[in-house]
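K.L.:
Below is the structure I would like to discuss, written out as structure tokens.
The values are calculated or read from the model by the stated rules, or taken from the named source; none is laboratory data. Remember, it's a predicted structure, so these values are computed and weren't measured experimentally. With ideal geometry, Cβ positions are generated from the backbone for all residues, glycine too; neighbour counts draw on all protein chains shown.
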Amino acid sequence: MSKPTHQKPERAKAKTPNRAKPIDRPAKSQTASAPSLIRLNKFLANAGVASRRKADEMIQNGEVEVNGKLVTELGFKIDPTKDKVVANGRVAKLHRRKIYILLNKPKDAITTSRDELDRRTVLDLIGIDERVYAVGRLDRNTTGALLLTNDGELAHRLMHPSFGAPKEYVAELDKKITRADLKKLKGGMRLSDTGEKVGACEAAILDDGYHVWLKLHEGKNRQVHRMFWTLGYDVKKLDRVAYAGIAHKGLRRGEWRYLSPQEVDSLFKLVGLERETKT
């Protein structure tokens, strides 16, 4: 009969803290669950660098760095309280003070923040230290009401077609417009160059018949020019007299002013935003 074997009981292993192997994790600024994350293009807009659309172009063109690394991915998110963003060699920072400006844009001024041909931009006409940018665009030869701000959310909504911010123009034509063509203008049409459909608008003949007032809720590229071309007219001069209900009346060409609190409130109401108030 064989002896029973007696195994020594295993000594209980001392408990040690769990030490997980390091894994590659996305930077905190890229963690989707972080509540403070915002898209990079929105941050650049809020910082007064450019509109969201222009910011997307800057990102794709390799003009933006986050924490020292080039970012070209649209939709990239950052933590504005921790991440360092550099656009075109300048650190982008959020502004404490929101700025809202109306400019009566003169002819030959470019609405972009900078111009590769070193032409005069609308920012050259605004003598302030804070960074602002134009809300939408006006052609180089088109004059009139242009809003500038560093409030990215408001600018984004004003430019978005779903909010239909009204734009009022006075066009000077090469010949008198007929009542029949005015009716066509007001009823909507297909543009002759692309076949694109534009909606109905408000319009009226002024004074001598060479000048026409229009109110649009769309913002297609060179839309007013193209509408008149479709009807057989050339636009000799075009002035935007009001944008989103803010008129340039009282400002000479090249002059600007800050919007009144009531005007800013009207813009927020137009696009369904609630304005922050100081307590």
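K.L.:
Test LYS167 against the stated conditions and say whether it is among the basic types (Lys, Arg), closer than 22 Å to GLU218 by Cα, touching a residue at least 40 places away in the same chain (Cβ under 8 Å) and crowded, with 18+ Cβ neighbours inside 10 Å. Don't jump to the end; show me each part of the working.
P.N.:
On the way: among the basic types (Lys, Arg): yes; closer than 22 Å to GLU218 by Cα: yes; touching a residue at least 40 places away in the same chain (Cβ under 8 Å): yes; crowded, with 18+ Cβ neighbours inside 10 Å: yes.
Yes: the conditions hold for LYS167.
K.L.:
What's the number of the condition TYR243 fails, among (1) exposed (fewer than 13 other Cβ atoms within 10 Å of the Cβ); (2) of a type in the set (Ser, Thr, Tyr); (3) touching a Lys or Arg at 6+ places or on another chain (Cβ under 8 Å)?
P.N.:
Exception for TYR243: condition (1).
K.L.:
Only residues that are in contact with a helix residue (DSSP H, G or I) (Cβ under 8 Å, 6 or more places away or on another chain) and acidic (Asp, Glu): list them for region 220-279, please.
P.N.:
ASP234, GLU274
K.L.:
Scanning for something within 21 Å of HIS248 (Cα to Cα) and of a type outside the set (Lys, Arg), does region 179-195 turn up at least one residue? It would help to see each step written out before you state the result.
P.N.:
Going residue by residue through region 179-195, those that are within 21 Å of HIS248 (Cα to Cα) are none.
The answer is no; no qualifying residue exists.
K.L.:
While we're on this one: Among the residues of region 256-278, write down those that are at pLDDT 95 or above and not in a helix (DSSP H, G or I).
P.N.:
Answer for region 256-278, where residues must be at pLDDT 95 or above and not in a helix (DSSP H, G or I): TRP256, ARG257, TYR258, LEU259, SER260.
K.L.:
Would you mind stating whether ASP124 is in a loop (DSSP other than H, G, I, E, B) and either modelled with pLDDT of 90 or more or of a type in the set (Asp, Glu) (or both)?
P.N.:
No.
K.L.:
Suppose we filter ARG253, ARG226, ARG240 for residues that are part of a loop (DSSP other than H, G, I, E, B), modelled with pLDDT of 95 or more and under 18 Å from ASP139 (Cβ atoms); which single one remains?
P.N.:
Answer to the check: ARG253.
K.L.:
Counting just the residues of region 65-118 that are outside any loop (DSSP other than H, G, I, E, B) and charged (D, E, K, R), which one comes out modelled with the highest pLDDT?
P.N.:
Filtering region 65-118 for residues outside any loop (DSSP other than H, G, I, E, B) gives 65-66, 69-70, 77-78, 85-87, 90-92, 100-105, 110.
Remaining after also requiring charged (D, E, K, R): 65, 69, 77, 90, 105.
Details: GLU65: 94, LYS69: 93, LYS77: 94, ARG90: 89, LYS105: 97.
Looking at the filtered set, the residue picked out is LYS105.
K.L.:
Follow-up. How about region 123-152: which of its residues are among the hydrophobic types (A, V, I, L, M, F, W, C) and within 17 Å of GLY219 (Cβ to Cβ)?
P.N.:
ALA134, VAL135, LEU138, ALA145, LEU146, LEU147, LEU148
Here's the yes/no breakdown for (1) among the small types (Gly, Ala, Ser); (2) outside the structural domain of SER266 (by TED's automatic domain parsing):
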residue	(1), (2)
ASN67	no, yes
VAL71	no, yes
LEU74	no, yes
THR81	no, yes
ASN88	no, yes
ILE110	no, no
SER113	yes, no
